Amino acid sequence: MNNKILKYIAIIGVVVMLGSCKKFLTQDSLTQSLPVNYFQTVKDINSSLAGMYSAFQGEMKANYFYWGECRSDNFTIGGWPNSTINELAVNGLTPGNGACSWAGLYKVIGRANNCIKYIPNVSKYDNAATGTVINNAMAQCYAMRAMSYFYIIRLWGDAPVWTSPYEDLNQNPRRARAPKDSIMNSVIIPDLLNAYNIIQKGQTPTVWNIGEAAIASMLTDAYMWNKDYANALLWFPKVFAAKSASGKVMASPTLGPQLTDLGYKANALPTDVSAVKAQAILDETNLWKAPFLTPATCLESIWSIHWDFLTNSNINLPVAVSTSNNPVSLDSTIFVDWQKNTADIRWSVTYDKSVTARDKMTKYLDKINYTNNQANQYMVMYRLADQILLYAEALNATGNSTEALRMVNLIRTRAYLTPILITDPLASTKAALQNTILNERRLELFGEGKRWFDLIRTDNVITVMDPTLKLRQKRVGALQTGFGDPQRILWPISRQLIEDSQGVLKQNLPY
C-alpha cells in the first residue's frame, strides 16, 4: 500500500469512532492529505474500495463466528477457551468482552462515507471514470455502509449515525444513539435501495465484492428482519434472476430446472444403492462444498469474504483447524444428533466426527487441508441456499405453505434427505413449518454466521437457548439459571467506548 493511500486512510476520522486516547475517535492531522485531493483517478477509486473492504474483512476475521454463531446452540466452550467464548457460551457477556466493540464497523462506515462523498468527483479528472464506473463503486459503498449498520442494530440496537465524513476537528465527534428502527428505515433500507438502483445489472460479479445479487440479498435480509414479508417477497426473484460469480443466472424467478446444476432435485430421491448412486452422492457432496472451496466460480455463491494465507496470514477461526488450541467447539448435542441421520451428506463435510474434542469444523476446508492453518478460507456472507430458505420462511408467513415446503424440499433432497409431505407433522401447521425451516437453516448454514440472528429474527432466542444453557450449566455443575433476562439478547457496548463518550453513550440494560 503506497504512502498516498496510507495518508488517505489516516484521515477518515470516523474509522475508529468511539475509539481511544480520551477521544471519541482517533484522528490524525487533516493537513496530511485531504480526500478531495486524493480522489482523482479510477485507480484511486479502486484503492479506496479496497480499503473499505479490507476494514470489513478484518472485522469478519475477528467476529464472524462470535457475533453470528457463538451465542447460539451451535457452538460452546472448546478445550482451550478464551475469555470471549467463556462469556458467550453461558450468556455471561460483560462490557469488557473483546467482541463487544462496534468501533471496527464504524471504521468501515467511515471509509464508506468518504468514498460516497468524493468518488463522484473523480469524473472531473479521469475520463475513464464513466458513469457506470462511478455508479458501481458508489453502489458498493452504500451497500457496505448499510451492511455495517445492519450488524450494529442487530447486535446492539440503538446506535450513533454518521452518514457523512468526519473532516473537521472542531466538529463534535460524540453522538448519542439513534433508535434502531430509525436506522433501519432511514439509513439501511434507503442505502440498499439506492445501491440496487445504480448497480450495473446483468453483469458477472466478482464474488469478493458486493454485486447485484448481494445487494438484493441484503434487502431480503433486512425486510425479513423487519418481518415485512410482502417487501421481502418482491426481492427474492431479483436475487434469483441475478448472475452469480459463475456467469450464470442463479435460478429462474420460480427456482426452476437450472437448479439441477447445483444438485437440487425436484423429484424424490433415487432408490437404487448401486455404484452409480454412490458416485452421485459424492458428486453432489462436492457441489455442496463449492461455495466454501471455490466461491469465485460457483453458481451458488453470492458474496464471500476472501482470506488468502499468503496475503492475509492465518485467519485463525476460533473453530476450524489445527490439532489443538481451538477456543470454540461444536455443541455436544448437535455434534451427536446430526450424524445420527446417516443419509444427510452435509454433516460429514461440516465437521470431523472422529475428534472427541468436537473442535474441528471442516466446512471451509477440503479433506487435504482441514488440519492446515495455512489453507485459504472463504467466509460466506450470502449464498443461494440461504436465500431459498429465507424465501420459504416468507412464503410460509404469508400463507403459501405448499410453495414454502417445496423450497425446503429443494434443500433437503440435495442433502439426500427424503422430502417432507404437507401432511407430515413437521409441516402440517404454519408454526410447525416455521420450526422446520429454522432447523433446516441451522443445518444447511451451520457455521456461516447466521444462527444467532435467525433465533432473534424468529423470536426463538429464549425458546431455544434457555434449555440449552440449563443443560450446559448442569454439565459444569453451575446453578441452572438458563438464559435469564431477555434484555441480554442485545450485546453490551464496550466499556472503553462508554468511558470515551464522556456520558453521551448510554449502556444497554442490564449491563
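The values are calculated or read from the model by the stated rules, or taken from the named source; none is laboratory data. It should be emphasised that the depicted structure is a prediction, and the values quoted were computed from it without experimental measurement. Here Cβ is always computed from backbone atoms with ideal geometry, including for glycine, and neighbour counts include all displayed protein chains.
Answer with yes or no whether residue 194 is surrounded by fewer than 17 Cβ atoms within 10 Å (Cβ to Cβ), at pLDDT 95 or above and either part of a helix (DSSP H, G or I) or not charged (D, E, K, R) (or both). Before you say what the answer is, go through the steps one by one.
Working: surrounded by fewer than 17 Cβ atoms within 10 Å (Cβ to Cβ): no; at pLDDT 95 or above: yes; either part of a helix (DSSP H, G or I) or not charged (D, E, K, R) (or both): yes.
So residue 194 fails the test.
Give all pairs with beta carbons closer than 6 Å in which a residue from region 79-108 that is under 17 Å from residue 472 (Cα atoms) and outside any helix (DSSP H, G or I) meets a residue that is modelled with pLDDT under 95 and among the aromatic types (Phe, Trp, Tyr); count only pairs at least 6 apart in sequence or on separate chains.
These pairs meet every condition: 91/483.
For region 174-184, name all the residues that are without any contact (Cβ under 8 Å) to a residue 40 or more places away in the chain and part of a helix (DSSP H, G or I). Steps first, answer last, please.
Step one: of region 174-184, the residues without any contact (Cβ under 8 Å) to a residue 40 or more places away in the chain are 178-183.
Once the filter is applied, which keeps residues that are without any contact (Cβ under 8 Å) to a residue 40 or more places away in the chain and part of a helix (DSSP H, G or I), region 174-184 yields 180, 181, 182, 183.
Select from region 155-200 the residues that are charged (D, E, K, R) and under 27 Å from residue 136 (Cα atoms) and list them in ascending order.
Filtering region 155-200 for residues charged (D, E, K, R) gives 158, 167-168, 174-175, 177, 180-181, 191.
Selection gives 167, 191.
Kindly list, by first and then second residue, each pair from a residue in region 152-163 that is free of Cβ contacts under 8 Å to residues at least 60 places away in the same chain and assigned to a helix (DSSP H, G or I) to a residue that is crowded, with 22+ Cβ neighbours inside 10 Å and of a type outside the set (A, V, I, L, M), limited to pairs with Cβ atoms under 7 Å and residues at least 6 apart or on different chains.
152/102
Before we move on, is residue 62 closer than 30 Å to residue 197 by Cα and assigned to a helix (DSSP H, G or I)? It would help to see each step written out before you state the result.
Values: closer than 30 Å to residue 197 by Cα: no; assigned to a helix (DSSP H, G or I): yes.
In short, no.
Limited to region 62-85, what total is found for residues that are out of contact with any strand residue (DSSP E or B) (no Cβ under 8 Å at 6 or more places or on another chain), crowded, with 19+ Cβ neighbours inside 10 Å and either at pLDDT below 90 or hydrophobic (A, V, I, L, M, F, W, C) (or both)?
Summing the residues that are out of contact with any strand residue (DSSP E or B) (no Cβ under 8 Å at 6 or more places or on another chain), crowded, with 19+ Cβ neighbours inside 10 Å and either at pLDDT below 90 or hydrophobic (A, V, I, L, M, F, W, C) (or both) in region 62-85 gives 1.
Restricting attention to region 475-499, and to residues there that are under 21 Å from residue 438 (Cβ atoms) and free of Cβ contacts under 8 Å to residues at least 40 places away in the same chain, which single residue is surrounded by the fewest Cβ atoms within 10 Å (Cβ to Cβ)?
For region 475-499, the residue satisfying everything is 486.
If you check every pair at least six apart or on different chains, which have Cβ atoms under 8 Å apart with a residue in region 416-430 that is in contact (Cβ under 8 Å) with a residue 60 or more places away in the chain and loosely packed, with under 14 Cβ neighbours inside 10 Å first and a residue that is in a loop (DSSP other than H, G, I, E, B) and small (Gly, Ala, Ser) second?
Final answer for the pair search is 418/268; 418/343.
In region 479-502, what count of residues is obtained for those that are farther than 16 Å from residue 92 by Cβ and in a helix (DSSP H, G or I)?
The total comes to 5.
Can you tell me which residues in region 447-474 are polar (S, T, N, Q), buried (at least 17 other Cβ atoms within 10 Å of the Cβ) and assigned to a helix (DSSP H, G or I)?
468, the sole residue that qualifies.
If only one of 382, 351, 370 is within 30 Å of residue 432 (Cα to Cα) and at pLDDT below 90, which one is it?
Numbers: 382 fails: at pLDDT below 90; 370 fails: within 30 Å of residue 432 (Cα to Cα).
Of the residues listed, the single one that is within 30 Å of residue 432 (Cα to Cα) and at pLDDT below 90 is 351.
Pairs under 9 Å by beta carbon, first residue part of a helix (DSSP H, G or I) in region 384-407, partner at pLDDT below 95 and of a type in the set (Lys, Arg), six or more apart or different chains?
So the pair list comes out as 385/414; 392/406; 395/406.
Name every residue in region 328-346 that is outside any loop (DSSP other than H, G, I, E, B), over 17 Å from residue 448 (Cβ atoms) and either touching a residue at least 60 places away in the same chain (Cβ under 8 Å) or among the hydroxyl-bearing types (Ser, Thr, Tyr) (or both), in order of residue number.
329, 332, 333
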